[in-house]
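What follows draws every value from the coordinates through simple rules; no lab data is involved. Values in this document were obtained by computation on a predicted structure and should not be read as measured data. Ideal geometry is used to build each Cβ from the backbone, glycine not excepted, and the neighbour counts take in all protein chains shown.
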Amino acid sequence: MAEKKEKTAAPKEEKGGKKAAPKKETPKKETPKKETPKKKETPKKEAPKKEKPKAEPKREGEKKGNFFTDSIKFISGLFFKKMATGGAGELRSNAEEINQLNVFPVPDGDTGDNMSMTIDSGVAAIENIESDDIAEVSEALSRGMLLGARGNSGVILSQFFAGISAGLSSVEKADAKTFGHALELGVEKAYASVMTPTEGTILTVMREAVEYAVSRITKKSTIQTLFDDLVKEMNSSLERTPELLPQLKEAGVVDSGAAGLLYIMDGFNRVLGGEQIESSAPVVAPKASSAPSLAGFDADTDMTYAYCTEVIVQLTKRKGDPDKFDVDVLKEFLKGLGDSIVAIKADTIVKIHVHTLTPDKVLGYMLGHGEFISVKIENMSLQHTELESEGKAPDRKAADSAEKAPEQPKIKNAVVAVCMGGGIEQIYRDLGCNYVIRGGQTQNPSTNDFIEAFKTLNAENIFVFPNNGNILMAAEQARDIYEDARVIVLPSKSVGVGYAALAATDITAEPDEVKAQMEDAMSRVTAGYVSPAIRDTQIEGVNINNGDIMGIIGKEIVIVTNKQISAAVALADALLSKENTFMLTAFVGEGVDEEEQATVEEKIRALHPQAEIYFTYGGQSIYPYIFVVE
């Protein structure tokens, strides 16, 4: 069957947006419109219009609920909390719409979910705060968002609110001028978080909107007029993003991260107008009751009590013989990790309970034998802190010593990597990776996930492989926050690149030499992957249909076809045809059967008989094949 080939520079995951109309219309000033995504072939669909609140008579001293607005000339801590909750709810209700706005048609860590989980983490951190001090509320909101930030859009959003918090740090309540300055600091902080800022993204929209709103502040301005101007210009700026990024214009969309920010700020503004915003969508971030306690469990807290780890695993024939699985061997393994051990095997089901400081090692071991039915990990130190605050915690001296996990010996260098798939995770561990964070393209770990990983390692230097471009900024933000070790983040954007770097490095060498070895290895490899298309789109004149199979190298789509085998062979051929390449390693995904794998391998060997070719089980989801060539 004829195949469609295309090469294009794929934009970052975060770039995407709403479908633009065939003929761009200037939105009415009084009622900014936000268009929902659509396919080129279908008529334009518009989101329900959000009417701007009508001007009200003088509201001096008027009471709304438990909040005095003072004509909204000043905003207090409790009202700011209400605004943040409304902004999070507005985004949460529209997160799925934002998820559909990414330009690149591959499964990914969707922008809407990442931004929603980020701000929801902040809202969870302020849920129980009753202070009316805006400095205190904004600081807690910012801290929660920093720790909960996911994906590049989530990190940028958290930095925006970090700047706002800095601008409000010396006041108990803020007027329009003070809040406008805080917004300016938010823009500066957001731009500073990106190594190479790209215009036509969330950065542009927040900058232009803040510049416009602040320029219109007068002595008569209120918080309401400030946000009216902010949202108005943010909507206009959003509609201009396709003129700044050719990828957006070709796809007929606007930037998705910017669209998410507009929903948040629109939610803030609607709360200012007196609306009660209720989200019908499920909460995607942890509730406040399960969020990290910033008061009782912080950077100075020692993990005296371990993680209560409970897993139920279905043993699978693909990963070994279930009948030969030895529970006694498992128990011996668990004894080296912790205490309070229970391990039971019933037919092909294994149930485990253990108190350990390294639950990742438990998960990694069992992934080598089967698949999880359920996993539960609870921080017993956090539980103890919460009980202690309630007067319910047992006397520490009387606590069973078995509850304490053994201290890890101090080591010079340690490695943390993000990857998913039992085979890939085990390969990383075999190469010396100390901690695997399960995540990847559709499951972006948060900044706090990295920090918690760092805490488990008693190491002087920690080398981090994010293995995905949309996870890199969260890893870097964790590096900037963590102070108990030197953290070096390697800019790996694929598990294949991270694998090659780890395989070529002597992790026992001096830290600077380790870093040099890893960077050198990364510079000498190229990675590619096979992925299904999840939406109809057009990139550089080539139509891509939902369900097509694409071969992708870095930021280029090199093959589009409807046959998975054809895509895999064409991708491998393109990789091995590059100058000075001689070896290909293939990680095979969980859905590929042995017959297909053999066919792909045979065809690749026929095309490149002189190359060294290795196929190994990766077990990753989404991508049936991940290739790396050296």
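Once you list every other residue whose beta carbon is under 11 Å from the beta carbon of MET583, what net charge do they have if Lys and Arg are +1 and Asp and Glu are -1?
Details: positive: ARG524; negative: GLU612, GLU630.
Overall, the nearby charge balance is -1.
Report the local net charge at VAL327: Lys and Arg +1, Asp and Glu -1, summed over other residues whose C-beta lies under 13 Å from its C-beta. If you can, show how the numbers build up before the last one.
Working: positive: LYS324, LYS331, LYS335, LYS345, LYS351; negative: ASP323, ASP326, ASP328, GLU332, ASP347.
Around VAL327, the charge tally is 0.
Sort largest first and round to whole Å: the equivalent ellipsoid semi-axes of region 498-592, each the square root of five times a Cα gyration tensor eigenvalue. Walk me through the numbers on the way to the answer.
Values: eigenvalues 204, 36, 34 Å².
Taking √(5λ) for each eigenvalue gives 32, 13, 13 Å, largest first.
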Loop chymotrypsin sites (Phe, Trp or Tyr not before Pro), region 495-603, which have at most 12 other Cβ atoms in a 10 Å radius of their Cβ (DSSP): PHE582
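Does region 132-178 come out rounded, prolate or oblate, given a ≥ b ≥ c as the square roots of the eigenvalues of its C-alpha gyration tensor, rounded meaning a/c under 1.5 and, failing that, prolate meaning a/b above b/c?
Numbers: a/c = 3.60, a/b = 1.97, b/c = 1.82.
Taking the square roots of the gyration eigenvalues as a ≥ b ≥ c, region 132-178 is prolate.
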Can you tell me the length gained on complete extension of the stretch THR348 to GLN610, counting 0.36 nm per residue apart and subtracting the Cα distance? 90.0 nm
Alpha-carbon centroids, region 309-368 and region 587-615: separation in whole Å: 32 Å
Under a point spin-label approximation (7 Å from Cα along Cα-to-Cβ), what is the LYS220-GLU96 distance to one decimal in nm? 4.5 nm
Rounded to the nearest 0.05, FRET efficiency between GLU127 and LYS578 (Cβ-Cβ, R0 60 Å) equals 0.70
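When the gyration tensor of region 481-544 is built from Cα positions, what are the square roots of 5 times its three eigenvalues, in whole Å, from largest to smallest?
Working: eigenvalues 236, 48, 18 Å².
Values for region 481-544, descending: 34, 15, 9 Å.
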Classify region 142-209 from the C-alpha gyration tensor, please: rounded if a/c falls under 1.5, else prolate or oblate depending on whether a/b exceeds b/c. oblate
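If r is the Cβ-Cβ distance from THR599 to VAL375 and R0 is 30 Å, what FRET efficiency results, to the nearest 0.05? Numbers along the way, then the final one.
Details: r = 35 Å, r/R0 = 1.17.
For R0 = 30 Å, the calculated efficiency reads 0.30.
Using 26 Å as the Cα-Cα cut-off, could you pick out the over-long pairs in LYS82/LYS177; LYS351/LYS410; LYS317/LYS351; LYS317/LYS376; LYS410/LYS493; LYS82/LYS220? Please report the intermediate quantities before stating the final value.
Details: LYS82/LYS177 20 Å; LYS351/LYS410 32 Å; LYS317/LYS351 18 Å; LYS317/LYS376 24 Å; LYS410/LYS493 29 Å; LYS82/LYS220 24 Å.
Exceeds cut-off: LYS351/LYS410; LYS410/LYS493.
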To the nearest whole percent, what portion of all C-alpha pairs in region 95-221 is separated by more than 26 angstrom? 25 percent
Environment charge of GLY422, counting only residues whose C-beta is closer than 12 Å and scoring Lys/Arg +1, Asp/Glu -1: +1
Could you state the number of Å between the C-alpha centres of region 435-468 and region 187-206? 25 Å
